[in-house]
Each structure stands twice: as structure tokens, then as C-alpha cells.
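Here the structure comes first, spelled out in C-alpha cells, and everything after it is commentary.
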Amino acid sequence: MELTDEIRREIGQHFVVGFNGYDASYDIQVLIKDYHVGSVRSMWEGAKQVHALVQKLQQIAKDAGHQRPLMIGTDQENGLVSAFSVARSDEAGTQFPGAMALAAAGSPDLAERISEASALELKLAGINWAYSPVADVNSDPRNPVIGGIRAVPEEVAKYVAAALIAPSPKHFPGHGDTQVDSHISLPIISKDAASLAKTDLIPFQTASDVRAATIMVGHMALPSITGDNTPASLSNAVVTDLLCGSLGYDGVVVTDCLEMEAVAEREGGVPRAAVDALRAGADIAMICHSFVRQKSAIEEAYRAIQDGSLDKEMLRASGRRIAVLKDTFAGDWSQIIGTNFDEMKWDRLKTENLTLSRQTYASSIALIRDPDGVIPLPKSAGVVVLLTPRMESLNLAVADADGVPRKDGLKLRNTAGPSYLALAESISKRVKGASLHDVYTPEEPFSTELEDAINHAASVLFVTRSAERSTWQLDRLREVLRLRKVSRGVVVLASYGPYDLLMCPLQRTVWMQRLP
């Protein structure tokens, strides 16, 4: 089959690519101009800067003859995964609570308000596609990717329905029941269709019922569904038969990034995987990082069209779904090109959203156990010692540990991180300066002065962060309890996920939970 300009332009609309930097690099210009890529994944922060870059990208697309504006997407799940809120500046998006914290607050209405507030900020910067919410049911507490904080049990369906701005519930058909990180290797989930329907598929059925604009398919094998270890994102049985057939979904299907090792290490690598995904029924294949892989994948799609292994009419039908997505969420060129960044609206949004964020975080705090009535801590009964863990990189699904200085290449330095520094400042204000903050590590012993402070303090607030994996934190907690002789006056705050609560050394320790 002849590879016409029309077919090349069609193929480009079925890819979303990412690139680094705050200017339109040579690579992204080639992909938009010559390969007609229709969507770009944003990895940037800072609204005004993002707006200027999006304007440039959209102008490049228009000048290259794109019929419709680009979809500009980002991983804004809120909580831990907040690509648009990473920077600590007035231009960064508001830091909102993540999925489990919203569920802890117990209000789908509040979740909808948070989603709308976050969407308004993204839209003002020029971003029209959010790769969220996470709709996985976290049924395995050892899950290294979802980890308890990016998903909630069956009630997640109520919160998925509350999201907006070209949302993309993920990672179909569910990444919650596995101990394997698909960034590193292929998770294999043994559930059959009936088991999936009772748990993992419920949020995605809700997403389909409310006509979510897009749904993201993950990279996990379901041999009971497919008959082999083909990743879900590349499987016709999962994408076409299960998602679009059984669940009745008729929106745009996008893959998770095909550069994750669960897919990239397969024979043929990323280029073949991209074609396999499109052949399986995905509308858009995502390749986030490598220009060589991005270009090679599109060229592989050219060859597949030419030899007939990728059906041209199926691709065109898929393209019509993408066109509807763009018309709905990207608009037309007159709504995008030449618009100025509205600083007054941005400042107003940030002020309103900061209040909303603080209210929601306060609502998400859960007192799990307080047998001796230690909470609330008194404001003037003596010194409060705050112990926070050294920040660590938790998983490849998110950026490196926020605010972590490094030395000697990759070695972590002892640092609190901005979240714990803010907590320390808040406590200090509450007790009028009668507080001591120290960062504990797995290898550095407590100083004599700190041991004395722990022993004689009115209260000790011990913070954990993913202690079910970083079990050295629990060793340090036991040391604190030995120093105080009794557990009274020791409050343990699980700051990352709920599973630390299962591993408390003493039953009479006060436990609280505060999720990102």
C-alpha cells in the first residue's frame, strides 16, 4: 500500500510523546512537523513557563498543517504524583491530596471539587489532558507501584466518577494485585474474568458508564484472560474484547508508557510494541523519553500499514475517536494560538485552591488508635521531639525523592525534605518554639543529646514513610520506645501509606495516619 501524506498524518495522531527541557527541542519539532505526532506528554512545572512552551508547540503544529490542536497531557494525580505541582514556587500548581487521602476525607463531592480546581490550573497553563485518576484497587499491600496511596479499595469507583478535564483513569484492567513494578519487569496477575469483575474492573466500569474521555491500559499479563503472558496494553483480548466489549467503553484508549521494561524488553522492543498496541485496539501509544524509540515506532507503524499487518480502516475509525477528544478538550486554533497567560486569574485560583487544599488535608487525617488519650498534644507542657525519616526514592512511578540533595553521585545526604520541614515549623509554632526536629537514618546512631531529649520530652512524634518496605524505620522506633521506657507520649504518624500501621511494635503506641 502506498504511504500517502494523509496516512502519515493519520498515524502521527496515534502517538503521544514526551521530551525534556523548557524549549521546543529539535526532537519534538521533528516529531510534530515531520511525523505529525498529535499529542505531547508534559513533564514540566511552572504555569507561566508551561503556557509559553505550549503556545510554541501548538504554533508548530498549526504551521505544520495539523487539522486540530495538540493534546497536552501530564501525570497530575495529585498527592505523590503531581508533575505540575513539584516546583516550590508561585508558578507551580497547588499541591492537592492524592487518591487515598481524598477517600480518607470521605467525600466524593470534595474529590470532585479538588479535581475541578486542579483541572482549572492545568487548563490555564495550556494542559488539556490529565493522566489520572488512578483507578487500581490496591488488593496487595506489597504493591511497589500503587503502594496503598495511589488507590483505595472498592469505593474507588465513586471517586473515579468525580474526576474531570480529559481524564484518563488508569491502569486498566488493574495494577493493584501484584508485587512487581512494571517499570522494571512484567507483573503477572492470575485472576480470571470473574475475579476481575468482582474487584479490579468495578472502577473502570464506572469510568466507562460516565463516558470518561480516555482510559489508560497498563502493562501487566493476565494469562487467564489472554492465554499467554502478553501485556494487557498489547492484547486484543484485554483492550478490544474486555474494555471495549464487555465494559462497553467507546472513548479513547491510551497505553501507559511503552518504554517501561515490562514491554520494552520484549522482542522487537518499543517500536513493535507500539504497533502491537494499535493492532490490539489502543487508539494512542505513549512513548515518553527516547527520540530514537519514538521515531522508530512511528516508522514501524508505516511499515505495518504498508504490509497490511495494521489495518488502515481500523486506524481511521480510531482516528475519529481522537478527533472527538480533541474537539471536546483541545478546542480549535482560535482558542489556543495567541492567548496570553492570565496572571490575575492564576493568582486568584492559587489563593482559592490553597484554602481548599488545606481544608482537604486536614479532613484526611485519621486517628487510628489512642488508648491513653494522648491526642491532642498539649501546647505548653514541655518539649516536643519530632523525628522524621531520611527521604528515599520510593519507586519509578514518581520523580526522585522531593528536595533530596545528593553527594558522591547517587548517595543520599541526610535531609528532611520540604514536607517534613513544613511539619516541623507547624509544630514549633504550636508549642511556641519548644520543639526539636531531627532526621533519623538507618545507619547513624542517635546522639547523646537526642537520646536525652527523647527520654525527657513531654511528647515524641515519630514519623514513618513506607516503613513496611524501609523496615529500618521500625528498628529506630523500637529504639525510641526503649529510651522512653514506656510508650506513653509517643505518637507515630504514618505519612505515606496505611500499611505501616500493621507493623507497630507496641499495641499502646498512638498511631495516626496522614496521607500525601
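Per-residue answers, yes or no, for (1) at pLDDT below 65; (2) assigned to a helix (DSSP H, G or I); (3) surrounded by 24 or more Cβ atoms within 10 Å (Cβ to Cβ):
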position	(1), (2), (3)
Asp136	no, no, yes
Ile149	yes, no, yes
Glu154	yes, no, no
Tyr159	yes, yes, yes
Tell me, which helices (runs of 4 or more DSSP H) lie completely within segment 257-309 with 3 or more residues that are at pLDDT 95 or above and touching a helix residue (DSSP H, G or I) at 6+ places or on another chain (Cβ under 9 Å)? 269-280, 291-307
Regarding Arg413, is this residue at pLDDT below 90, among the basic types (Lys, Arg) and either under 25 Å from the mean Cα position of the chain (by Cα) or open to solvent by 30 Å² or more (accessible area, probe 1.4 Å) (or both)? yes
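One line per residue, one yes/no per condition, for (1) open to solvent by 60 Å² or more (accessible area, probe 1.4 Å); (2) at pLDDT 95 or above; (3) touching an Asp or Glu at 6+ places or on another chain (Cβ under 7 Å):
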{"position": "Lys326", "(1), (2), (3)": "no, yes, no"}
{"position": "Lys345", "(1), (2), (3)": "yes, yes, no"}
{"position": "Arg348", "(1), (2), (3)": "yes, yes, no"}
{"position": "Glu352", "(1), (2), (3)": "yes, yes, no"}
{"position": "Ala362", "(1), (2), (3)": "yes, no, no"}
{"position": "Ile368", "(1), (2), (3)": "yes, no, no"}
{"position": "Val374", "(1), (2), (3)": "no, no, no"}
{"position": "Ala381", "(1), (2), (3)": "yes, no, no"}
Within segment 328-343, can you find the residues that are surrounded by fewer than 16 Cβ atoms within 10 Å (Cβ to Cβ) and of a type outside the set (A, V, I, L, M)? Thr328, Gly331, Asp332, Ser334, Gln335, Gly338, Thr339, Asn340, Asp342, Glu343
Selection count where residues are in contact with a helix residue (DSSP H, G or I) (Cβ under 9 Å, 6 or more places away or on another chain), open to solvent by 50 Å² or more (accessible area, probe 1.4 Å) and either under 12 Å from Asp136 (Cβ atoms) or assigned to a helix (DSSP H, G or I) (or both), scope segment 196-233: 3
Quick one: would you say Gln49 is in contact (Cβ under 8 Å) with a residue 24 or more places away in the chain, out of contact with any Pro (no Cβ under 6 Å at 6 or more places or on another chain), among the polar types (S, T, N, Q) and closer than 19 Å to Gly93 by Cα? yes
Output the number of the condition that Leu506 fails; it satisfies all remaining conditions of (1) modelled with pLDDT of 75 or more; (2) of a type in the set (A, V, I, L, M, F, W, C); (3) open to solvent by 20 Å² or more (accessible area, probe 1.4 Å). (1)
Here are some conditions: (1) open to solvent by less than 50 Å² (accessible area, probe 1.4 Å); (2) closer than 30 Å to Glu259 by Cβ. Val292 meets all but one. Which one does it not meet? (1)
Go through the residues of segment 234-245 one by one and say whether even a single one is within 25 Å of Phe19 (Cβ to Cβ) and surrounded by 16 or more Cβ atoms within 10 Å (Cβ to Cβ). yes
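The values are calculated or read from the model by the stated rules, or taken from the named source; none is laboratory data. Bear in mind that the values here come from a model prediction, so they are computed numbers and not experimental data. Every residue, glycine as well, gets a Cβ built from its backbone with ideal geometry; the counts of neighbours run over all protein chains shown. The area values use the complete protein model at the heavy-atom level, side chains included, leaving out ligands, DNA and RNA. Shrake-Rupley method; radii C 1.70, N 1.55, O 1.52, S 1.80 Å.
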